[in-house]
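The values are calculated or read from the model by the stated rules, or taken from the named source; none is laboratory data. What you see is a predicted model, and the numbers here were worked out from it, not measured in a lab. Virtual Cβ from ideal backbone geometry, glycine too; neighbours counted across all protein chains shown. Please note that ligands, DNA and RNA were not included when accessible areas were found on the heavy atoms of the full protein model with its side chains. Shrake-Rupley method; radii C 1.70, N 1.55, O 1.52, S 1.80 Å.
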Amino acid sequence: MRYYRLPSGERCPAMDSLVVVDDHGDAYDLTTTSADLGSFTDLARAANVSGRSIDDLARDRIPDAESVPPGEVEQSAGLPVVADEVWAAGVTYYISEKAREAESGKPEVYLDVYEGERPELFLKATPSRTVGPRDSIGVRGDSEWNVPEPELGVVLHRGEIVGYTVGNDVSSRDIEGENPLYLPQAKVYDRSCAVGPCVATEGTVSDPHDLAMSLSIERDGELVHEDSTSTNEMATTCETLVEYLYRHNNLPDTVILLTGTGLVPPETFTLTEGDRVSITIDGIGTLVNDTIVV
């Protein structure tokens, strides 16, 4: 099933609503059954305590929940889960490794990661730097080469995979290319991360390593770039990335791990203010964001 967050004011003026869309496409507001189910994290916490799955708990609540028009969910959904930390992995796809070799004066470091056992992992964003659907992603005002990086996001609760989402690891390629030690500045800044439109549980995403993913970018109403790939091109599994993330690392309860990009725009392309970026992953949905300079 897929879980969305409707911000306060959309259905209830006092609090956010947690909405589930079942396998038939019907939508229900789980928060109407209990104010303690105001977020996906609340549901994950309840599942953890009860020893049951998130979807089983949701199914128990659906008979008592108010129905929601599915169209209202898609139009109004906000950031689906507020992760205390968003982490990201790099060079997990061959095309990403080649692109980062091309942009860098020290290409060997990226090949070493792609062929090595230990993945590249870095802290990408905090809640204040993360935006949801239809909000604006940011590109740095001191960068001349900015790109979206479409990625499958793994949603984790206390170290366990509880679902998947769509992520955009917006990056300044020229800053990182100047020196790999500039990675934090190329990756971590205001509005540098987008997540959404929902969290799809493992019952819906049966195999995260075989999902079609596509990217399209519009400028002034015209399509300026599009591409597609599959997560089966990943050189590292989600489980391996998660295992390395938690090694000797005390993480908050709720974490999102972006798993790397297999869609890299050409070297002649850079995001500009006003661009509209759409990323679609099968079984999860489409994350749409406009672009501003920060």
Worksheet, complete the sentence: Within the stretch 213-251, the residues that are among the hydrophobic types (A, V, I, L, M, F, W, C), touching a helix residue (DSSP H, G or I) at 6+ places or on another chain (Cβ under 8 Å) and modelled with pLDDT of 95 or more are Met213, Leu251
Practice prompt. For the stretch 64-88, name all the residues that are part of a helix (DSSP H, G or I), more than 30 Å from Tyr189 (Cβ to Cβ) and open to solvent by 20 Å² or more (accessible area, probe 1.4 Å).
Written response: Asp64, Pro70, Gly71, Glu72
Worksheet entry | Residue within the stretch 207-223 that is of a type in the set (Val, Ile, Thr) and in contact with a His (Cβ under 8 Å, 6 or more places away or on another chain) present | yes
Discussion item. Report every pair of residues separated by at least 6 positions or lying on different chains whose Cβ atoms are under 9 Å apart, first residue within the stretch 177-197 and free of Cβ contacts under 8 Å to residues at least 12 places away in the same chain, second open to solvent by less than 40 Å² (accessible area, probe 1.4 Å).
Written reply: Tyr182/Ser172; Tyr182/Ile175; Tyr182/Glu176
Fill in: Failed criterion for Glu202 (all others in (1) part of a helix (DSSP H, G or I); (2) under 17 Å from the mean Cα position of the chain (by Cα); (3) surrounded by fewer than 17 Cβ atoms within 10 Å (Cβ to Cβ) hold)
(1)
Worksheet item: Which of the residues spanning the stretch 231-271 are open to solvent by 10 Å² or more (accessible area, probe 1.4 Å) and at positive phi?
Response: His248
Item to complete: Working only within the stretch 155-192, note down all residues that are assigned to a strand (DSSP E or B) and more than 18 Å from Gly262 (Cβ to Cβ).
Response: Val155, Leu156, His157, Glu160, Ile161, Val162, Gly163, Ser172
Practice prompt. Starting from the stretch 246-258, take each residue that is touching a residue at least 60 places away in the same chain (Cβ under 8 Å) and hydrophobic (A, V, I, L, M, F, W, C) and list its partners that are outside any strand (DSSP E or B) and open to solvent by 40 Å² or more (accessible area, probe 1.4 Å), counting only C-beta distances under 7 angstrom and pairs at least six apart or across chains.
Written response: Val255/Asp84
